[in-house]
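This report concerns only the one structure given below.
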Amino acid sequence: MFKVIAYQVANAINIKKARQQLDWKLLFQDSDELFYEYNADKFVYLFQYGMVSFFNLTSAEINQVLVEIKSFCNAYIAEKLSEEINVSIEDSLKVEFDKIILPEINAEMIRLVMLNASQSVALTRYSEITEALLIETNEHTKYLEAKGKLDISGPKLKRFIGKTLNIKNKISENLYIFDAPDIVWEDETLNKLNLDLKQTFDLKDRYRFIHDRINIIKENLELFKDIMDHKESSKLEWIIIILILVEVVDMFILKLI
(Lines give C-alpha, C1' and ligand atoms only; values in the text may rest on other atoms or scores of the structure.)
Protein backbone atom coordinates (compact mmCIF):
# COMPACT_ATOMS: atom_id res chain seq x y z
CA MET A 1 0.00 0.00 0.00
CA PHE A 2 1.35 3.39 -1.02
CA LYS A 3 0.24 6.84 0.08
CA VAL A 4 -0.36 10.18 -1.60
CA ILE A 5 -0.08 13.18 0.72
CA ALA A 6 -0.86 16.73 -0.42
CA TYR A 7 0.04 19.83 1.60
CA GLN A 8 -0.73 23.53 1.39
CA VAL A 9 2.74 24.90 2.20
CA ALA A 10 2.55 28.53 1.06
CA ASN A 11 0.45 31.20 -0.63
CA ALA A 12 2.54 30.63 -3.75
CA ILE A 13 5.58 28.70 -4.98
CA ASN A 14 8.03 30.25 -7.44
CA ILE A 15 7.90 27.58 -10.14
CA LYS A 16 10.58 29.15 -12.32
CA LYS A 17 13.07 29.35 -9.47
CA ALA A 18 12.25 25.81 -8.33
CA ARG A 19 12.79 24.43 -11.84
CA GLN A 20 16.20 26.10 -12.03
CA GLN A 21 17.47 24.78 -8.70
CA LEU A 22 15.87 21.39 -8.04
CA ASP A 23 17.88 18.50 -9.52
CA TRP A 24 15.31 15.70 -9.36
CA LYS A 25 14.15 14.02 -12.59
CA LEU A 26 11.58 16.34 -14.20
CA LEU A 27 8.73 14.45 -15.88
CA PHE A 28 6.32 17.31 -16.60
CA GLN A 29 6.44 21.09 -16.46
CA ASP A 30 4.47 24.17 -17.38
CA SER A 31 4.23 27.69 -15.98
CA ASP A 32 2.16 26.50 -12.97
CA GLU A 33 3.35 22.95 -12.23
CA LEU A 34 6.44 20.78 -11.83
CA PHE A 35 6.12 16.99 -11.63
CA TYR A 36 9.27 15.16 -10.52
CA GLU A 37 10.42 11.60 -10.05
CA TYR A 38 12.17 12.04 -6.70
CA ASN A 39 13.53 8.50 -6.67
CA ALA A 40 12.49 5.08 -7.94
CA ASP A 41 8.68 4.86 -7.60
CA LYS A 42 8.66 8.14 -5.62
CA PHE A 43 7.14 11.37 -6.99
CA VAL A 44 6.88 15.03 -5.98
CA TYR A 45 4.41 17.48 -7.53
CA LEU A 46 4.72 21.27 -7.05
CA PHE A 47 2.00 23.80 -7.86
CA GLN A 48 2.31 27.55 -8.28
CA TYR A 49 -0.61 28.19 -5.91
CA GLY A 50 1.34 26.85 -2.91
CA MET A 51 0.58 23.13 -3.06
CA VAL A 52 3.02 20.23 -2.93
CA SER A 53 2.06 16.57 -3.22
CA PHE A 54 4.06 13.41 -2.47
CA PHE A 55 3.77 9.80 -3.55
CA ASN A 56 5.50 7.01 -1.63
CA LEU A 57 7.93 9.28 0.28
CA THR A 58 8.83 8.58 3.89
CA SER A 59 8.23 11.20 6.57
CA ALA A 60 11.96 11.96 6.61
CA GLU A 61 12.02 12.39 2.83
CA ILE A 62 8.96 14.66 2.92
CA ASN A 63 10.57 16.84 5.57
CA GLN A 64 13.74 17.04 3.48
CA VAL A 65 11.76 18.12 0.40
CA LEU A 66 9.94 20.77 2.44
CA VAL A 67 13.29 22.14 3.58
CA GLU A 68 14.56 22.24 -0.01
CA ILE A 69 11.53 24.06 -1.41
CA LYS A 70 11.02 26.51 1.47
CA SER A 71 13.16 29.18 -0.20
CA PHE A 72 10.84 29.09 -3.24
CA CYS A 73 7.75 29.69 -1.10
CA ASN A 74 5.94 32.97 -0.63
CA ALA A 75 4.45 33.23 2.88
CA TYR A 76 5.41 29.72 4.05
CA ILE A 77 2.67 28.07 6.13
CA ALA A 78 3.76 26.23 9.27
CA GLU A 79 0.29 24.81 10.09
CA LYS A 80 -0.36 22.92 6.87
CA LEU A 81 -3.68 21.72 5.50
CA SER A 82 -3.32 18.21 4.13
CA GLU A 83 -5.08 15.40 2.31
CA GLU A 84 -4.09 11.72 2.33
CA ILE A 85 -5.22 8.91 0.08
CA ASN A 86 -4.01 5.32 -0.07
CA VAL A 87 -2.96 3.81 -3.40
CA SER A 88 -3.03 0.05 -3.89
CA ILE A 89 -1.39 -1.73 -6.83
CA GLU A 90 -3.61 -4.57 -8.07
CA ASP A 91 -4.80 -6.02 -11.36
CA SER A 92 -7.51 -3.42 -11.86
CA LEU A 93 -8.27 0.29 -11.97
CA LYS A 94 -10.79 1.49 -9.42
CA VAL A 95 -11.43 4.58 -7.31
CA GLU A 96 -12.93 3.80 -3.91
CA PHE A 97 -13.85 6.07 -1.03
CA ASP A 98 -10.79 5.26 1.06
CA LYS A 99 -8.26 4.18 -1.57
CA ILE A 100 -7.26 4.24 -5.23
CA ILE A 101 -6.55 0.93 -6.98
CA LEU A 102 -4.11 1.12 -9.90
CA PRO A 103 -2.91 -1.72 -12.14
CA GLU A 104 0.71 -0.53 -11.90
CA ILE A 105 2.92 2.31 -10.71
CA ASN A 106 2.24 4.46 -13.73
CA ALA A 107 3.60 8.02 -13.55
CA GLU A 108 0.64 9.60 -15.39
CA MET A 109 -1.95 7.79 -13.26
CA ILE A 110 -0.13 8.76 -10.08
CA ARG A 111 0.15 12.32 -11.32
CA LEU A 112 -3.64 12.48 -11.71
CA VAL A 113 -4.15 11.19 -8.17
CA MET A 114 -1.68 13.76 -6.81
CA LEU A 115 -3.29 16.56 -8.87
CA ASN A 116 -6.79 15.84 -7.57
CA ALA A 117 -5.61 15.41 -3.98
CA SER A 118 -3.84 18.77 -4.21
CA GLN A 119 -6.90 20.52 -5.59
CA SER A 120 -8.96 18.99 -2.79
CA VAL A 121 -6.66 20.62 -0.22
CA ALA A 122 -6.82 23.94 -2.09
CA LEU A 123 -10.62 23.79 -2.04
CA THR A 124 -10.56 23.17 1.71
CA ARG A 125 -8.39 26.27 2.16
CA TYR A 126 -10.58 28.47 -0.03
CA SER A 127 -13.66 27.13 1.71
CA GLU A 128 -12.26 28.26 5.08
CA ILE A 129 -11.33 31.69 3.68
CA THR A 130 -14.74 32.30 2.08
CA GLU A 131 -16.54 31.07 5.20
CA ALA A 132 -14.66 33.66 7.27
CA LEU A 133 -15.56 36.37 4.72
CA LEU A 134 -19.22 35.34 4.79
CA ILE A 135 -19.30 35.44 8.60
CA GLU A 136 -17.82 38.95 8.54
CA THR A 137 -20.34 40.02 5.88
CA ASN A 138 -23.22 38.64 7.96
CA GLU A 139 -22.08 40.73 10.93
CA HIS A 140 -22.48 43.88 8.83
CA THR A 141 -25.90 42.81 7.52
CA LYS A 142 -27.09 42.11 11.07
CA TYR A 143 -25.98 45.57 12.14
CA LEU A 144 -27.74 47.06 9.10
CA GLU A 145 -30.93 45.22 10.04
CA ALA A 146 -30.77 46.32 13.68
CA LYS A 147 -29.58 49.94 13.27
CA GLY A 148 -30.65 50.84 9.75
CA LYS A 149 -27.11 51.94 8.86
CA LEU A 150 -23.71 50.46 8.08
CA ASP A 151 -20.93 49.99 10.63
CA ILE A 152 -18.14 49.95 8.04
CA SER A 153 -16.25 52.91 6.61
CA GLY A 154 -15.71 53.60 2.91
CA PRO A 155 -11.98 52.69 2.80
CA LYS A 156 -12.57 49.51 4.82
CA LEU A 157 -15.43 48.50 2.52
CA LYS A 158 -13.21 49.03 -0.53
CA ARG A 159 -10.48 46.84 0.98
CA PHE A 160 -13.09 44.18 1.77
CA ILE A 161 -14.35 44.26 -1.84
CA GLY A 162 -10.75 44.04 -3.12
CA LYS A 163 -10.02 41.06 -0.87
CA THR A 164 -13.11 39.21 -2.11
CA LEU A 165 -12.28 39.86 -5.77
CA ASN A 166 -8.67 38.73 -5.28
CA ILE A 167 -9.81 35.45 -3.75
CA LYS A 168 -12.25 34.88 -6.62
CA ASN A 169 -9.47 35.56 -9.12
CA LYS A 170 -7.06 33.18 -7.37
CA ILE A 171 -9.63 30.38 -7.40
CA SER A 172 -10.33 30.90 -11.11
CA GLU A 173 -6.63 31.09 -11.98
CA ASN A 174 -5.30 28.23 -9.86
CA LEU A 175 -8.01 25.58 -9.81
CA TYR A 176 -8.94 23.79 -13.01
CA ILE A 177 -11.67 21.58 -11.60
CA PHE A 178 -13.66 21.62 -14.84
CA ASP A 179 -10.62 21.40 -17.14
CA ALA A 180 -9.06 18.01 -17.72
CA PRO A 181 -5.25 17.79 -18.08
CA ASP A 182 -4.07 17.36 -21.65
CA ILE A 183 -2.92 13.80 -21.01
CA VAL A 184 -6.47 12.51 -20.42
CA TRP A 185 -7.60 13.45 -23.93
CA GLU A 186 -5.13 10.95 -25.36
CA ASP A 187 -6.04 8.02 -23.14
CA GLU A 188 -9.54 6.78 -22.29
CA THR A 189 -8.30 5.01 -19.15
CA LEU A 190 -6.70 8.19 -17.80
CA ASN A 191 -9.85 10.15 -18.61
CA LYS A 192 -12.01 7.72 -16.63
CA LEU A 193 -9.56 7.80 -13.72
CA ASN A 194 -9.61 11.60 -13.71
CA LEU A 195 -13.43 11.75 -13.70
CA ASP A 196 -13.68 9.16 -10.94
CA LEU A 197 -11.13 11.05 -8.82
CA LYS A 198 -13.03 14.32 -9.19
CA GLN A 199 -16.21 12.56 -8.10
CA THR A 200 -14.56 10.84 -5.13
CA PHE A 201 -13.00 14.10 -3.89
CA ASP A 202 -16.30 15.87 -4.64
CA LEU A 203 -14.33 18.62 -6.37
CA LYS A 204 -17.00 20.04 -8.66
CA ASP A 205 -19.70 20.44 -5.99
CA ARG A 206 -17.23 21.96 -3.52
CA TYR A 207 -15.96 24.33 -6.23
CA ARG A 208 -19.51 25.47 -7.05
CA PHE A 209 -20.32 25.89 -3.36
CA ILE A 210 -17.33 28.21 -2.89
CA HIS A 211 -18.27 30.24 -5.97
CA ASP A 212 -21.89 30.51 -4.78
CA ARG A 213 -20.62 31.74 -1.41
CA ILE A 214 -18.41 34.36 -3.08
CA ASN A 215 -21.34 35.54 -5.21
CA ILE A 216 -23.44 35.99 -2.06
CA ILE A 217 -20.65 38.02 -0.48
CA LYS A 218 -20.31 40.13 -3.66
CA GLU A 219 -24.04 40.86 -3.74
CA ASN A 220 -23.94 42.02 -0.12
CA LEU A 221 -20.89 44.20 -0.70
CA GLU A 222 -22.45 45.77 -3.80
CA LEU A 223 -25.52 46.61 -1.69
CA PHE A 224 -23.29 48.11 1.00
CA LYS A 225 -21.54 50.18 -1.66
CA ASP A 226 -24.86 51.43 -3.07
CA ILE A 227 -26.02 52.42 0.43
CA MET A 228 -22.74 54.21 1.08
CA ASP A 229 -22.85 55.97 -2.30
CA HIS A 230 -26.42 57.11 -1.56
CA LYS A 231 -25.31 58.38 1.85
CA GLU A 232 -22.42 60.32 0.31
CA SER A 233 -24.73 61.67 -2.39
CA SER A 234 -27.22 62.84 0.27
CA LYS A 235 -24.41 64.57 2.16
CA LEU A 236 -23.34 66.36 -1.03
CA GLU A 237 -26.92 67.45 -1.72
CA TRP A 238 -27.26 68.91 1.78
CA ILE A 239 -23.95 70.73 1.42
CA ILE A 240 -25.15 72.28 -1.84
CA ILE A 241 -28.49 73.26 -0.26
CA ILE A 242 -26.72 74.86 2.71
CA LEU A 243 -24.35 76.78 0.40
CA ILE A 244 -27.32 78.06 -1.62
CA LEU A 245 -29.11 79.14 1.58
CA VAL A 246 -26.00 80.92 2.78
CA GLU A 247 -25.74 82.71 -0.58
CA VAL A 248 -29.44 83.73 -0.45
CA VAL A 249 -29.14 85.01 3.13
CA ASP A 250 -25.98 86.91 2.22
CA MET A 251 -27.72 88.56 -0.73
CA PHE A 252 -30.74 89.42 1.44
CA ILE A 253 -28.51 91.06 4.08
CA LEU A 254 -26.65 93.05 1.40
CA LYS A 255 -29.96 94.38 0.04
CA LEU A 256 -31.09 95.42 3.50
CA ILE A 257 -27.84 97.28 4.05
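A few points about this structure:
- Scan of the range 135-160 for residues that are modelled with pLDDT under 85 and either among the hydrophobic types (A, V, I, L, M, F, W, C) or closer than 19 Å to Q119 by Cβ (or both), ordered by number: L144, L150, I152, L157, F160
- All conditions but one from (1) crowded, with 21+ Cβ neighbours inside 10 Å; (2) over 17 Å from Q119 (Cα atoms) apply to A60; the one that does not is (1).
- Residue in the range 207-228 that is of a type in the set (F, W, Y) and at pLDDT 85 or above present: yes
- Some residue of the range 113-125 being under 22 Å from I13 (Cβ atoms), in contact (Cβ under 8 Å) with a residue 40 or more places away in the chain, buried (at least 21 other Cβ atoms within 10 Å of the Cβ) and more than 15 Å from the chain's Cα centre (by Cα): yes
- Scanning the range 63-93 for residues that are under 20 Å from L112 (Cα atoms) and either under 24 Å from the mean Cα position of the chain (by Cα) or at pLDDT 90 or above (or both) yields L81, S82, E83, E84, I85, N86, V87, S88, I89, E90, L93.
- Within the range 77-90, the set of residues being of a type in the set (D, E), in a loop (DSSP other than H, G, I, E, B) and in contact with a strand residue (DSSP E or B) (Cβ under 9 Å, 6 or more places away or on another chain) comprises E90 only.
- Set L133, L203: member being under 20 Å from K225 (Cα atoms), touching a Ser or Thr at 6+ places or on another chain (Cβ under 8 Å) and of a type in the set (A, V, I, L, M): L133
- Residues that are within 28 Å of A10 (Cα to Cα) and either in contact (Cβ under 8 Å) with a residue 60 or more places away in the chain or in the same structural domain as R125 (by TED's automatic domain parsing) (or both) within the range 74-96 comprise N74, A75, Y76, I77, K80, L81, S82, E83, E84, I85, N86, V87, listed in sequence order.
The values are calculated or read from the model by the stated rules, or taken from the named source; none is laboratory data. Everything quoted here is computed from the prediction, not taken from an experiment. All Cβ positions, glycine included, derive from the backbone under ideal geometry; neighbour counts span all protein chains shown.
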